[in-house]
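To start, the structure under review is shown below, and the notes come after it.
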Amino acid sequence: MAAPKTFSIRTFGCQMNEHDSERLAGLLVADGLVRAPDDEVADVVVLNTCTIRENADLKLYSALGHLKALKEQRPDMQIAVGGCMAQKDRGAIQQRANWVDVVFGTHNLAAAPLLLRRARSEGPLTEVLDAPDPEANRDMAPALYAVRESPFAAWITIQTGCDNTCAYCIVPSVRGQEISRPMQDVIDEATMLASSGVVELTVLGQNVNSYGRDITKRGPLFADLLRALGEVPGVERIRFTSPHPKDLRPETIAAMAETKAVCPQLHLPLQHGANRVLAAMRRGYSVERYLERLASAREAIFDLAVTTDLIVGFPGETEPEFEELLEAVSVAQFDSAYTFIFSAREGTRAALMTEQFVGEDVIKDRFERLKQVLDRSALLKHEARVGLLEEVLVEGPSRRNPMMLSGRTRQGKLIHFALASDVRAGSLVQVRVRHGAPYHLLGEIESVVRPPRHKVRIPLLSS
Ligand code: SF4
């Protein structure tokens, strides 16, 4: 009997894409393929692409260049391109790289295995849907059979697409309008995951706190969903990304505060601190409104850690407006932030604001000044944890020092601590914080709360 074909998936971009790759792996395994150790030996290589930043194109075509050489050595090898870049560029990808066998979009991920089989007899294929097929999107199977990276922490997609129209963002045009999955499907998936030992769920959506707005007229159901997920036996930790500040409602804050499993961590993208820029970005809130909501969340939720996204160099940004951004950041005192340099994406409103583009040197200088302010508040936040006892979900050997373990606190902070014989990935432990650095904490284990719940044993380094 012929050996099963092997596959490898390379993922670019956000957690949505990471989880899509898990679902795609599940579909390929269900189609009889097995995972290859890497692209170099795989019979099928899938690139799951992102298009959020300008350099996304460069990343894709340099990866395809490398795969071209591999395919010249192994002509039977198949190359597929999926994800947001495929959704945007469609057939143009095969015109530019005619060694690509299959191109599929964000709305028909489930079609990938069949397209790969058809391409073996029909030749190169491009199949990209203009809009999500609600039934396909509400289909549970891909999530159920997803090949997940972690046995104790899992992503759950609750919604695809976005109804907002932020001027710099390409997502609505490649992911479509918001489609929420039926709440019972999400609960069933969470129950299935928890029964296999998953203790931490990260709820995914482009705009999670408008979840359910397309299901019922009575408005978003996100608060209800958080409470319902908190009832699922075995679920100890719930995180979510990404909420939109304009949709952060009092009932969501109350659900976060009153649902034990919901972690005291809120990622709330501010993007900028000047109201004229926020309006030009079409964000739909003022900085005062943002800070008000942030204050009410901090008041209601004990020990809340807040992170954010910020863009520097949006077209027309003046020095005084940049200083307003610095001011807002120092008032908000974020635990950390993802900072981006504005990138003009073809097909967005902001890409047409060419006459207002800010000079590269100016942007670089502002980016450095912003990072200094953010690093200072992050360090202060971390130093304030010294002496505290943190509940930590162990992720495994530390990447920076294999003689240490690392894990995440309930606030989502990365912490490293010395190896312990009875502790491994998936264990829940209490760690005393001994040192706060800008991007991580250091600590000492004080006790083991419980061993891992999942069945799979992750081998530890022999002491
Ligand atoms: S909320 Fe704005 S930035 Fe976020 S995905 Fe939607 S359009 Fe893009």
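The values are calculated or read from the model by the stated rules, or taken from the named source; none is laboratory data. All values reported here derive from a predicted model rather than from experimental measurement. In this analysis, Cβ positions are derived from the backbone assuming ideal geometry, glycine residues included, and neighbour counts consider all displayed protein chains. Accessible surface areas use protein heavy atoms only, side chains included; no ligands, DNA or RNA. Shrake-Rupley method; radii C 1.70, N 1.55, O 1.52, S 1.80 Å.
Yes/no per residue for (1) at pLDDT 95 or above; (2) in a strand (DSSP E or B); (3) surrounded by 21 or more Cβ atoms within 10 Å (Cβ to Cβ):
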residue	(1), (2), (3)
A378	yes, no, yes
K381	yes, no, no
L393	yes, yes, yes
N401	no, no, no
G407	yes, yes, yes
F417	yes, yes, yes
D422	no, no, no
V431	yes, yes, yes
R434	yes, yes, no
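Considering A153, A194, A190, A228, the condition of being in contact (Cβ under 8 Å) with a residue 40 or more places away in the chain, under 16 Å from the mean Cα position of the chain (by Cα) and closer than 30 Å to P451 by Cβ is satisfied by A153 alone. Note on the stretch 364-376: among residues that are of a type in the set (A, V, I, L, M) and buried (at least 17 other Cβ atoms within 10 Å of the Cβ), the one that is farthest from P151 (Cα to Cα) is L370.
When E327, E292, E323 are checked against the criterion of being open to solvent by 20 Å² or more (accessible area, probe 1.4 Å) and in contact (Cβ under 8 Å) with a residue 12 or more places away in the chain, a single residue qualifies: E327. The set of residues in the stretch 165-182 that are open to solvent by 50 Å² or more (accessible area, probe 1.4 Å) and away from the ligand (no atom under 16 Å from the Cβ) is empty. Testing A110 on (1) open to solvent by 10 Å² or more (accessible area, probe 1.4 Å); (2) assigned to a helix (DSSP H, G or I); (3) in contact with a strand residue (DSSP E or B) (Cβ under 8 Å, 6 or more places away or on another chain), one condition comes back false. Which one is that? Failing condition for A110: (3). Go through the stretch 211-238 and give me each residue that's in contact with a Lys or Arg (Cβ under 9 Å, 6 or more places away or on another chain) and not in a loop (DSSP other than H, G, I, E, B). Answer for the stretch 211-238, where residues must be in contact with a Lys or Arg (Cβ under 9 Å, 6 or more places away or on another chain) and not in a loop (DSSP other than H, G, I, E, B): F222, A223, G230, R237. When each of R298, R249 is tested for being over 22 Å from D361 (Cα atoms) and within 16 Å of the ligand (Cβ to nearest atom), the lone residue that passes is R249.
Among the residues of the stretch 183-210, write down those that are open to solvent by less than 20 Å² (accessible area, probe 1.4 Å) and assigned to a helix (DSSP H, G or I). Within the stretch 183-210, V186, E189, A190, L193, A194, V208, N209, S210 meet the criteria.
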